[in-house]
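Below: the structure, in structure tokens.
Here, each number is a calculation from the coordinates, and none is a lab measurement. The structure displayed is predicted, hence computed values, not measured ones. We place every Cβ from the backbone using ideal geometry, glycine too, and count neighbours over all the protein chains shown.
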Amino acid sequence: MRIEMKDVDFGYGSEKVLHGINLDLDSTGLVCIVGPNGVGKSTLIRLMLGLYKPNNGTVLLDGHDISKLSSKEIAKVMGYVPVGSSSVFAMTVMDTVMMGRHPHRRAGTTSEMDWKIVKRSLNMMGILGLSMKNSNELSAGQHQKMSIAKGLAQTPRVLILDEPTSNLDVRHQLQVTERLRDIAKENGMTVIMVSHDLNTSSKYADLVVMMAPPGVIYKIGSPEEVLTAESISEIYGVECSVVDSNGRPHVILERALDDEEIHQKNTRRDAVKNP
């Protein structure tokens, strides 16, 4: 499934958040969207999902303007796992994941196929054994796996996740991201996730989208192309080195640059761009 964003601008009231976004995602695999706080990563994926309408430009889903598609049409092909998904009601894990079948069900009926898909989704995330446990009794890692299983139960061609590892310990961060990569590969899906962890993104992503202030796309490419010491220093304001780790870049953070150093770096960059 192809997602295209053409000359997209977006803002909240008078505050412009995204500027001139051009993005074309047309291949399966794991896509990681990285960048410092406040550059519009979450806003970008909400535009992809049709939850927000751009002020300018268009968002296309397989060539169709997403603003002209119904939420049900979108939900049949695009799954969404928001940041910090939580359980309000004490439903079982099975019933919670069944909610992901809503776009496909007729008049609230549940078919044998729905049950099979829910069980398969739970199994894909390794939590089929927790099916009858109440969702509010789960650990953070188990809860996140349940939320992802709910998104998978939509049988989407594209699964979009907003910081799916933000509240997890290191073991579960690696476990969840590796599983997302494998699911994308095994099922011919596109999985798009917002991430703050550069090394986890580098280890598992097929494609990295790096965003930068003031809400622009700085670079798109493989981890080797995007996660360079120069790019990270310029966008994050840190001094770092990047070494090879099993054929993937590994970032070693050294120190934060002070405001004056960042100003001087930006001045030199602008002078090169505009001689």
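Residues whose amide H comes within less than 5 Å of that of LEU159, counting only those at least five positions distant or on another chain, are GLY79, THR190, VAL191, ILE192 (H built at 1.01 Å from N in the peptide plane). Along the positive direction of the dipole of the chain (beta-carbon charges: Lys, Arg +1; Asp, Glu -1; about the Cα centre), which of MET98, ASN136, VAL194 reaches farthest? Farthest towards the positive pole: MET98.
Take the Cα of SER14, step 7 Å toward its Cβ, do the same at ARG2, and the gap between the two points is 4.0 nm.
Under a 5 Å amide H cut-off, with hydrogens placed 1.01 Å from N, MET91 pairs with SER135, ASN136 among residues at least 5 apart or on other chains. Within the shell defined by Cβ-Cβ distances under 12 Å, the residues around TRP115 carry a net charge of +2, with Lys and Arg each +1 and Asp and Glu each -1.
Let me check against my output: what whole-number percent is the relative contact order of region 228-275, with C-alpha pairs under 8 Å and at least 6 apart? Don't skip to the answer; put the middle values down first.
Values: 46 pairs, mean separation 14.2, N = 48.
Averaging sequence separation for qualifying contacts and normalising by length gives 30 percent for region 228-275.
Rounded to the nearest 0.05, what FRET efficiency do ASN167 and MET91 have when you use their Cβ-Cβ distance and R0 = 22 Å?
On the way: r = 20 Å, r/R0 = 0.91.
Approximately 0.65, to the nearest 0.05.
Compared with the direct C-alpha span, the chain from VAL77 to GLU178 gains 34.1 nm at full extension, assuming 0.36 nm per residue.
The mean sequence distance of close C-alpha pairs (under 8 Å, at least 6 residues apart), as a share of the length of the chain, puts its relative contact order at 22 percent.
Our coupling estimate for region 98-110, obtained by passing each phi through the Karplus curve with A = 6.51, B = -1.76, C = 1.60 and θ = phi - 60°, is 4, 4, x, 7, 3, x, 9, 7, 10, 6, x, 6, 10 Hz, Gly and Pro reported as x. Remark on TYR52: its backbone amide H falls under 5 Å from those of LEU47, a criterion applied only to residues 5 or more positions apart or on other chains, H modelled at 1.01 Å from N.
Pull out a ≥ b ≥ c, the square roots of the eigenvalues of the alpha-carbon gyration tensor of region 1-127, then state rounded if a/c is under 1.5, prolate if not and a/b is larger than b/c, and oblate in the remaining case. Walk me through the numbers on the way to the answer.
On the way: a/c = 2.06, a/b = 1.78, b/c = 1.16.
It comes out prolate by the Cα gyration axes.
If R0 is taken as 35 Å, the Cβ-Cβ distance between ASN123 and SER42 corresponds to a FRET efficiency of 0.75. Within the chain, the longest segment free of exposed loop sites, counting trypsin sites (Lys or Arg not before Pro) that fall outside DSSP classes H, G, I, E and B and have at most 15 other Cβ atoms within 10 Å, spans 134-275. Two decimals is fine: what is log10 I(q)/I(0) at q = 0.11, 0.13, 0.14 Å⁻¹ for the chain, from a Debye sum with one equal scatterer on every Cα and no solvent? For the chain at q = 0.11, 0.13, 0.14 Å⁻¹, log10 I(q)/I(0) is -0.66, -0.91, -1.03. Highest mobility in the GNM of the chain, judged by mean-square fluctuation with C-alpha springs under 10 Å and restricted to MET124, MET210, MET113, is found for MET113.
Of ILE235, ILE160, ILE217, which has the largest mean-square fluctuation in a 10 Å C-alpha GNM of the chain? Of ILE235, ILE160, ILE217, the most mobile in the Gaussian network model is ILE235.
Stokes-Einstein D for region 132-275 at 37 °C, 0.692 mPa s, Kirkwood Rh over Cα pairs, in µm²/s? Don't skip to the end; give the middle numbers.
On the way: Rh = 17.2 Å.
In µm²/s, the coefficient is 191.
Just checking the listed ones, MET193, MET132, MET48: in the Gaussian network model of the chain with Cα springs under 10 Å, the one fluctuating most is MET132. Only alpha carbons enter this Debye calculation for region 213-272, each as an equal point scatterer, and the log10 of I(q)/I(0) it gives at q = 0.21, 0.29, 0.30 Å⁻¹ is -0.90, -1.24, -1.26. Of the three principal axes defined by the Cα atoms of region 20-81, the extents in descending order read 32, 29, 21 Å.
Along region 67-81 the Karplus relation, 6.51 cos²θ - 1.76 cosθ + 1.60 evaluated at θ = phi - 60°, assigns HN-Hα couplings of 5, 9, 9, 6, 4, 5, 4, 5, 5, 6, 10, 10, x, 9, 10 Hz to successive residues, with x for each Gly and Pro.
Could you compute the FRET efficiency for ARG255 and GLU224, with r as their C-beta to C-beta distance and R0 at 25 Å, rounded to 0.05?
Details: r = 24 Å, r/R0 = 0.96.
According to the calculation, E is roughly 0.55.
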